[in-house]
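Asker: Before I ask anything, let me first share the structure, which is written out below as structure tokens.
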Amino acid sequence: MHTEHPLLSKELIRQLENEIPTLTLEIRALYQKLDQKLNLKGALVPITFGFETETLGSYTPAGEGIEEQFHFSLLFAGYMDAVKITREDRTDLFLHEYAHYMQYNMEIPKEHTWKPGKHGSAWKYCCSLIGAAPSEYYRFNKGREKHDYKKELRNPWSDPNAALRDIRRREREYQNSRNNTVRFSVGDVITHPDFGEGTVTDVTRLESSVRLTIQFADRIRKIDQKWLLRSAYKKPQ
């Protein structure tokens, strides 16, 4: 990528372009964490960069003859700080565009579709799930602020508590999905502070947990996987 820009020196352009591999890894790492939380695939979407002065970033959904992509201006996203923004604001820029991706790739509850538009209630709902600033325009230090999602998500024509209840429901679902992800296999050897070494003989996945059946020296015991993961008594590496 070798680009000319009427307002930028060739050396600055070169330095900014050299940041693309690191920036791409940083953005993908952030999106991978969000993907795991929301069961999406945003980290697989192509990421491109440019030198726009009016646009910080954008998300383009796939369409007829149009490739899905995230796009960011190196003048704002780059570490060279051609336009100085904080690390928190840079992260919020990436979250802002991921929230747009969410709009097109996940089901939005009906109660959050009351205000249409690119930055309407559906987008603000997506922002609330990932901690993005629910602001249509970039503002300095917005990434450091605490956001009043309750106020932003309130539908003046419906129950104002519906949004918070839905957020809590999603948080519970996410926590349950983490707790019932199987981390051990039959045959794994673990150690216990009181019972000593044991071998996993059965793994049962429940709605919000995983129950392990373990053969210790004295007898068979059933232990919640979550307890083992929280303690220091995990399977040997």
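The values are calculated or read from the model by the stated rules, or taken from the named source; none is laboratory data. Everything quoted here is computed from the prediction, not taken from an experiment. Positions of Cβ are generated from backbone atoms using ideal geometry, with glycine treated the same way; all protein chains shown enter the neighbour counts.
Asker: Of Glu152, Glu171, Glu136, which residue is modelled with pLDDT of 65 or more, farther than 18 Å from Arg87 by Cβ and not in a helix (DSSP H, G or I)?
Answerer: Glu136
Asker: Okay, moving on. From Tyr31, Tyr98, Tyr59, Tyr104, grab the single residue that is touching a strand residue (DSSP E or B) at 6+ places or on another chain (Cβ under 6 Å), of a type outside the set (Asp, Glu) and closer than 23 Å to Glu152 by Cβ.
Answerer: After applying the criteria, what remains is Tyr59.
Asker: For the range 18-33, how many residues are of a type outside the set (A, V, I, L, M) and either at pLDDT below 80 or within 17 Å of Gly57 (Cβ to Cβ) (or both)?
Answerer: Result for the range 18-33: 6.
Asker: Confirm whether Leu7 is in a loop (DSSP other than H, G, I, E, B), at pLDDT 90 or above and not basic (Lys, Arg).
Answerer: Judged against the criteria, Leu7 is not a match.
Asker: Using the structure shown, decide if Val203 is at pLDDT 75 or above, closer than 28 Å to Asp35 by Cβ, in contact with a Leu (Cβ under 8 Å, 6 or more places away or on another chain) and of a type in the set (Val, Ile, Thr).
Answerer: Against the criterion (at pLDDT 75 or above, closer than 28 Å to Asp35 by Cβ, in contact with a Leu (Cβ under 8 Å, 6 or more places away or on another chain) and of a type in the set (Val, Ile, Thr)), Val203 qualifies.
Asker: Can you tell me which residues in the range 20-38 are in contact (Cβ under 8 Å) with a residue 40 or more places away in the chain and closer than 25 Å to Ile167 by Cα?
Answerer: Ile27, Leu30, Tyr31, Leu34, Lys37, Leu38 - these are the residues of the range 20-38 that are in contact (Cβ under 8 Å) with a residue 40 or more places away in the chain and closer than 25 Å to Ile167 by Cα.
Asker: Please work out which residue is nearest to Leu38 (Cα to Cα), limiting yourself to the range 89-110 and to residues that are among the charged types (D, E, K, R) and surrounded by 14 or more Cβ atoms within 10 Å (Cβ to Cβ).
Answerer: Glu97
Asker: Go through the residues of the range 99-108 one by one and say whether even a single one is charged (D, E, K, R) and more than 15 Å from the chain's Cα centre (by Cα).
Answerer: Looking for residues that are charged (D, E, K, R) and more than 15 Å from the chain's Cα centre (by Cα), one finds at least one in the range 99-108, hence yes.
Asker: Moving on to the next point. Report, by residue number, each residue of the range 192-218 that is surrounded by fewer than 16 Cβ atoms within 10 Å (Cβ to Cβ), over 30 Å from Cys126 (Cβ atoms) and polar (S, T, N, Q).
Answerer: Of everything in the range 192-218, those that are surrounded by fewer than 16 Cβ atoms within 10 Å (Cβ to Cβ), over 30 Å from Cys126 (Cβ atoms) and polar (S, T, N, Q) turn out to be Thr199, Thr201, Thr204, Gln215.
Asker: Only residues that are more than 18 Å from Lys118 (Cα to Cα) and not hydroxyl-bearing (Ser, Thr, Tyr): list them for the range 43-65, please.
Answerer: Hits for the range 43-65 are Ala43, Leu44, Val45, Pro46, Ile47, Phe49, Gly50, Phe51, Glu52, Glu64, Gly65.
Asker: Glu17 passes all but one of (1) free of Cβ contacts under 8 Å to residues at least 40 places away in the same chain; (2) farther than 26 Å from Arg170 by Cβ; (3) in a helix (DSSP H, G or I); which number fails?
Answerer: (1)
Asker: Please give the number of the condition Arg14 fails out of (1) at pLDDT 90 or above; (2) surrounded by fewer than 17 Cβ atoms within 10 Å (Cβ to Cβ).
Answerer: Evaluating Arg14 over (1) at pLDDT 90 or above; (2) surrounded by fewer than 17 Cβ atoms within 10 Å (Cβ to Cβ) leaves (1) as the failure.
Asker: Turning to a different aspect of this structure: Quick check: anything in the range 6-24 closer than 13 Å to Tyr98 by Cα and assigned by TED's automatic domain parsing to the domain that holds Met102?
Answerer: no
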